[in-house]
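Report on one structure; see the data block that follows.
The values are calculated or read from the model by the stated rules, or taken from the named source; none is laboratory data. Values in this document were obtained by computation on a predicted structure and should not be read as measured data. When we count neighbours, we look across all protein chains shown, and the Cβ atoms used for this are built from the backbone with ideal geometry, even at glycine. For the accessible areas, the whole protein counts, side chains as well, though only heavy atoms, and no ligand, DNA or RNA atoms are used. Shrake-Rupley method; radii C 1.70, N 1.55, O 1.52, S 1.80 Å.
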Amino acid sequence: MARQRKPTPGVDAKLLIKDAAKLLPAPSRRLFLRGAASLGSLAMLTGCDIIDGPTAENALRVVSRFNDRVQAALFSETTLAPEYPESAITRPFPFNGYYSVDEAPDIDGETYQLEIGGLADNKKPWTLAELNRLPEVSQITRHVCVEGWSAIGSWQGVKLSDFLKLIGADLTAKYVWFQCAEGYSNTIDMPTALHPQTQLTLKFDHQTLPTAYGFPIKIRIPTKLGFKNPKYVTAMWVQNNDAGGYWENQGYNWFSGL
Ligand SMILES: Nc1nc2c(c(=O)[nH]1)N[C@H]1C(S)=C(S)[C@@H](COP(=O)(O)O)O[C@H]1N2
Ligand SMILES: [Mo]
């Protein structure tokens, strides 16, 4: 016998179930929708009695955290994002930010320095000239934005795992946190930071990264949604605490893998 549940004020159970299903990773979503899609089964799946939360938003956050755990478990350092030929590059590549392109940060490349902090042996700041002398890697991959568009771009830069080793970062630390010039920020987990396609990007299509796409530095992570790819990066911290990020703090999935 199904246990009767008192409705939570402000929560439309049907809508909540629909939203929650959208957040679930595909295999569990199919199972969930095929079976009795109910708040009860959602609670069983997530291990949390979500309707005890005061708001639907809280409930969705619980599902989202569950999703993060599942995705983090599925994430593999050896699974590569697809790469594409030059002819597939989207031109012009779209700009996106929480402001218009003419309000994008205008950083002076001559005086710029990338600040290093946290659990790293060598915290010497890096100039662009120094970064540009490091061995270059290149990728043509798809960028996927939660706002409903995707585009294929060409990015060049330094393999982030090589850079982390170079600065003597503690590779057993849990997170890498990025601070951006205009206040945006982002935290990624260490396995993602060490993924072979995660790049400290200095160029777009073999040219200096244009202002629109994050000059002087973007962190390109083709295994993650667009908002986990910080632009205008000014500081990088290796740390064990999760400093969150611009969208994550507003309830978006932390892991946001593809
Ligand atoms: N500093 C900073 N980084 C950011 C953003 C931003 O607003 N500021 N937007 C994110 C989002 S939501 C997307 S989709 C991509 C867009 O990158 P693009 O302008 O190169 O397409 O940047 C991500 N990184
Ligand atoms: Mo995005």
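Taking only the Cα atoms of the stretch 58-206, the radius of gyration and Dmax are 16.9, 48 Å. If we count every other residue with Cβ under 14 angstrom of ILE167's Cβ, Lys/Arg +1 and Asp/Glu -1, where does the sum land? Around ILE167, the charge tally is -1.
In summary, the convex hull built on the alpha carbon positions of the stretch 138-258 has an orientation-averaged projected area of 6.8 nm². Rolling a 1.4 angstrom probe over the protein heavy atoms with all chains in place gives the stretch 86-250 an accessible area of 42 Å² per residue.
The Rg/Rh ratio for the stretch 97-136 is 1.10, where Rg is the radius of gyration of the alpha carbons and Rh is the Kirkwood radius.
Full extension of the chain between SER87 and ARG142 gives 18.5 nm of extra length, using 0.36 nm per residue less the Cα-Cα distance. Over 23 Å apart at the Cα level, from the set LYS123/LYS159; LYS123/LYS224; LYS124/LYS224; LYS174/LYS203, are LYS123/LYS224; LYS124/LYS224; LYS174/LYS203. Please state the shape class of the stretch 136-184: rounded when a/c is under 1.5, otherwise prolate if a/b exceeds b/c and oblate if not, all from the C-alpha gyration tensor. Taking the square roots of the gyration eigenvalues as a ≥ b ≥ c, the stretch 136-184 is oblate. Here the gap between LYS123 and GLN71, fully extended at 0.36 nm per residue and compared with their Cα-Cα distance, gives a gain of 15.5 nm. In loop segments of the stretch 99-198 as defined by DSSP, the chymotrypsin sites (Phe, Trp or Tyr not before Pro) with at most 16 further C-beta atoms inside 10 Å of their C-beta are TYR99. Working note: Karplus 6.51/-1.76/1.60 with θ = phi - 60° gives the stretch 161-168 the couplings 5, 5, 5, 4, 5, 4, 8, x Hz, where Gly and Pro are set to x. Across the stretch 200-207, coupling constants 3J(HN,Hα) worked out from phi with the 6.51/-1.76/1.60 Karplus curve, θ = phi - 60°, read 8, 8, 10, 9, 10, 6, 6, 10 Hz, and Gly and Pro carry x.
For the stretch 209-258 and the stretch 141-172, what is the separation of their C-alpha centers, rounded to whole Å? The stretch 209-258 and the stretch 141-172 have Cα centres separated by 9 Å.
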